[in-house]
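Q: The structure is given below, and queries will be raised subsequently.
The values are calculated or read from the model by the stated rules, or taken from the named source; none is laboratory data. All of these numbers come straight from a predicted model, not from anything done at the bench. Neighbour counts run over all protein chains shown; Cβ positions are idealised from the backbone, glycine included.
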There are 2 protein chains.
Amino acid sequence: MQFPSRLIEEAVTEISRLPGIGRKTALRLVFHLIKEKPETTQALATALQRLRDNIRFCVHCHNISDGEVCSICSNARRDRSLLCVVERSSDVLAIENTAQYNGLYHVLGGVISPVQGIGPGELHIETLVQRLNHGQTEIKEVILALSPTLEGDTTAFYIHKRVKDLPVKVSTIARGIPVGGELEYADEITLGRSIVSRTQFS
Amino acid sequence: MQFPSRLIEEAVTEISRLPGIGRKTALRLVFHLIKEKPETTQALATALQRLRDNIRFCVHCHNISDGEVCSICSNARRDRSLLCVVERSSDVLAIENTAQYNGLYHVLGGVISPVQGIGPGELHIETLVQRLNHGQTEIKEVILALSPTLEGDTTAFYIHKRVKDLPVKVSTIARGIPVGGELEYADEITLGRSIVSRTQFS
């Protein structure tokens, strides 16, 4: 594609590095920004820059935070006996939006993936063990909320191995038929698990 | 949605102002940027800022340009007897990509739309008339390449009225069945026009 301006070409190149945005969409966004007031672009560029320069991670749970300790870890009304282990900060957000969980979190920063060269050392597993191992810990249960993939399961097994001798209960989130899902379209593994892990009818 | 950080909320708000990007997609992009190196965000923010601060418009055709005169107007190999009138710079790009046109352009900057309060005075119509009216003009034909909408047609009629006494031919791009389109799915107006404006079989 021939661009009328070098500036447009540069902007399109940078925007199309974002996931799910191709060069055509990027060009449409660029034309939109040119049509709008300069302040719109200014505000966008500043917000991105400020985000990346100033974003911090909680020293306890490694979740995204505005300060040293995140708003969840510093909230006195959260249940300090529960710790939910997730892969990414976006998972924390997803669980928070369910309004069904009131404990604390621990963000691993990824899952063990030999293919991508990510071992346990690259993840926040040591600090997790420290949080549980600490003499004065209040944590009674660790809930593993990892993706049901090979990597997620590997990570769950590894964490279980590391913490199984500590005085904490380890659980994982339930696998089963999604709410609103139809039985006949569920895969056999999910359907099988939903039968094995059946719960009392209430 | 509850965000873990004010910085994320600001970035999501600004990104979701872009057309076709909602808050969920914006959040996904934000998490992507946080995961990537700071230089990625830096390059994106800088490219956007530079684009909006330094973008210029050609003094002749009002197309987007790096300098005072755009690369098309300053190209000696373009046919200076043809002038194609379009709504936006993105239309110039679309026509250029066909590689079927070698004349000059004139970008109106929009179409007449009483609903949106856009009259002929808001568009680059005066400079178009000046380009055609000028004693030494080389332009022999004006091609109106506007959208086939009420606003586009109104604008085409207005321009025709303004230039019909000048010694230039006025034409519009052909309306008809798109290449690869099936007859039975075409609307009646398009199909009707394609019959009225039939061309010699070659």
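Q: State the number of residues belonging to the stretch A:122-174 that are closer than 27 Å to A:THR98 by Cα and among the acidic types (Asp, Glu).
A: 4
Q: Still on this structure, I have one more. If you check B:ARG77, B:ARG52, which single one turns out to be in contact (Cβ under 8 Å) with a residue 12 or more places away in the chain and either at negative phi or within 14 Å of chain A (Cβ to nearest Cβ) (or both)?
A: Checking each option against the conditions leaves just B:ARG77.
Q: Any residue in the stretch A:37-49 that is in a loop (DSSP other than H, G, I, E, B) and either outside the structural domain of A:ILE159 (by TED's automatic domain parsing) or not β-branched (Val, Ile, Thr) (or both)?
A: Within the stretch A:37-49, one or more residues are in a loop (DSSP other than H, G, I, E, B) and either outside the structural domain of A:ILE159 (by TED's automatic domain parsing) or not β-branched (Val, Ile, Thr) (or both).
Q: Another question about this same structure. Of B:LEU150, B:LEU166, which residue is in the same structural domain as B:GLY121 (by TED's automatic domain parsing) and within 22 Å of B:ALA94 (Cβ to Cβ)?
A: B:LEU150
Q: Considering only the stretch A:96-119, state which residues are surrounded by 16 or more Cβ atoms within 10 Å (Cβ to Cβ) and either part of a loop (DSSP other than H, G, I, E, B) or away from chain B (no Cβ under 11 Å) (or both).
A: A:TYR101, A:GLY103, A:LEU104, A:HIS106, A:LEU108, A:GLY109, A:GLY110, A:VAL111, A:ILE112, A:SER113, A:ILE118
Q: Here's something else I'd like to know. Among the residues of the stretch B:1-14, is there at least one that is more than 7 Å from chain A (Cβ to nearest Cβ), farther than 17 Å from A:LEU93 by Cα and either modelled with pLDDT under 95 or not in a loop (DSSP other than H, G, I, E, B) (or both)?
A: No, the stretch B:1-14 contains no residue that is more than 7 Å from chain A (Cβ to nearest Cβ), farther than 17 Å from A:LEU93 by Cα and either modelled with pLDDT under 95 or not in a loop (DSSP other than H, G, I, E, B) (or both).
Q: Residue by residue through the stretch A:80-95, note down the ones that are part of a loop (DSSP other than H, G, I, E, B) and either crowded, with 21+ Cβ neighbours inside 10 Å or within 14 Å of another protein chain (Cβ to nearest Cβ) (or both).
A: A:GLU87, A:ARG88
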